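The values are calculated or read from the model by the stated rules, or taken from the named source; none is laboratory data. Model, not experiment: these values are computed from the prediction. Cβ sites come from the backbone with ideal geometry, for glycine too, and all protein chains shown count toward neighbours.
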């Protein structure tokens, strides 16, 4: 008998939909400042490497006491956001003149706006 009681309680707890029926509101997509900076830098029409983009972003945000190699702190974020923008179809990642898959690439890669043929 106790097993049935436990089973009934378990079932009644899982079938209670009053608390589960509330849907969470959709989150508004926040823009990433690094992604915005990348898009802004690419508007000039020239392709950029991850390092060049990180260096330019670091110069825009530099404070008087920052080290010369501040750009290295931005390199990972630039790479991650470039991959994200490429997956969204906003930019192309180019290696040796050919567009590469954002999920699988090696070597020196440059970024350019989608459809831009500037090398």
(request) Starting from residues that are in contact with a helix residue (DSSP H, G or I) (Cβ under 8 Å, 6 or more places away or on another chain) and in contact (Cβ under 8 Å) with a residue 60 or more places away in the chain, keep the ones in the range 73-115 and report whichever is farthest from residue 31 (Cα to Cα). (result) 109
(message) Exactly one condition in (1) over 23 Å from residue 99 (Cα atoms); (2) in contact with a strand residue (DSSP E or B) (Cβ under 9 Å, 6 or more places away or on another chain) is false for residue 45; which is it?
(response) (1)
(request) Working carefully through the options 110, 116, find the one that is surrounded by fewer than 16 Cβ atoms within 10 Å (Cβ to Cβ) and closer than 15 Å to residue 39 by Cα. (result) 116
(request) Answer yes if at least one residue in the range 51-59 is crowded, with 20+ Cβ neighbours inside 10 Å, within 24 Å of residue 89 (Cα to Cα) and either in contact with a strand residue (DSSP E or B) (Cβ under 8 Å, 6 or more places away or on another chain) or at pLDDT below 95 (or both), and no otherwise. (result) yes
